[in-house]
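Participant: Have a look at this one before I ask anything.
The values are calculated or read from the model by the stated rules, or taken from the named source; none is laboratory data. Here the structure is a predicted model, which means the values were calculated and not measured. Every residue, glycine as well, gets a Cβ built from its backbone with ideal geometry; the counts of neighbours run over all protein chains shown.
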Amino acid sequence: MIKLNYINRIKARLSIHSNKKSTNVLEGTYKSIYRGKSMNFENLREYTIDDDMKDIDWKSSARSGNLLVKQFIAEKKHNILLVMDSGIKMDADTDKQENKKELALYTAGSIGYLAIKNNDYVGMIYKEKGVEFKPFKYNLYNLEEYLCAYAATKTEEAVEIEELLEYIVKNIPKKKVVFIITDIAGVNSISRQTLKQLKQTSDIFVISINDHNMTGDSLYDVKEKNFIPKIFLKDQRLATVEKYVKSQLWETNHQKLKALNIPLTSISSLDELTIKITKLLEEHKYE
């Protein structure tokens, strides 16, 4: 029997935020991402303090004299596909000095955990020697297996997210929710054409794991396999240029995705994971 090591850590991390109500918000938001798409209107009921004001039926409330909200029921379960960047750049650290691959793993694990808790199906796709597609399953033991497999990936090359998305378009035609977890360079490498093709059968969310800035006393380049000379790390002009280039790259890709109604967020640390995923889902909740 597989031990739920990653799952138990994810559950523990989510419970840390329970006093802040962020976990409840995250779970509620996840359940609502398909409202108006694969959730059907069932009836009206009286408003409670935990309801979202966007669900209030103002006309019915005016007629009845009571504040009423729309209640929805799920039409069917969803297929959640986690698209993971496993390239060598994911071995680097974020700007909060956390490992990018580990942060990607916990991000995917948190989304997968919420999906299975909601009785949805979860699959995963990444690349090692070739494209690895883990089929849609609906229990935590399968998710643990997928997370362990991703954690064990080792590659000395960059991974083209575009290749994974093209594989999905050609080989996984069923309706699904796709979470692309990469970094801003990975986002930049995805073509508009491929995104348009994928959107024909999928809702898409994009999560960018932030890169470390070229500053500090010591910084290791995982691609070149050496330390960056300190003279570059201490150069303020270089730091300014880097900041500008990063901001421009982010804005370009934000606009690319926005034009296709694809939500984008960035994550730098485990501590901000819950709130960032919540905001990402909220962007899509009432499309």
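Participant: Restricted to the range 163-197, and to residues that are within 28 Å of residue 212 (Cα to Cα) and charged (D, E, K, R), which residue is surrounded by the fewest Cβ atoms within 10 Å (Cβ to Cβ)?
Facilitator: Ranking the candidates gives 192 first.
Participant: Could you list, in sequence order, all residues of the range 63-93 that are among the β-branched types (Val, Ile, Thr) and at pLDDT 95 or above?
Facilitator: 83
Participant: Take residue 126 and decide whether it is surrounded by fewer than 23 Cβ atoms within 10 Å (Cβ to Cβ) and farther than 21 Å from residue 225 by Cβ.
Facilitator: The answer is no for residue 126.
Participant: If residue 20 passes every condition in (1) within 21 Å of residue 266 (Cβ to Cβ); (2) at pLDDT below 75; (3) under 17 Å from the mean Cα position of the chain (by Cα) but one, which one does it miss?
Facilitator: It fails just one condition, (3).
Participant: While we're here: With the range 74-152 as the region, which strands (runs of 3 or more DSSP E) entirely inside it contain at least 2 residues that are touching a residue at least 60 places away in the same chain (Cβ under 8 Å) and in the same structural domain as residue 178 (by TED's automatic domain parsing)?
Facilitator: By residue number, 79-84.
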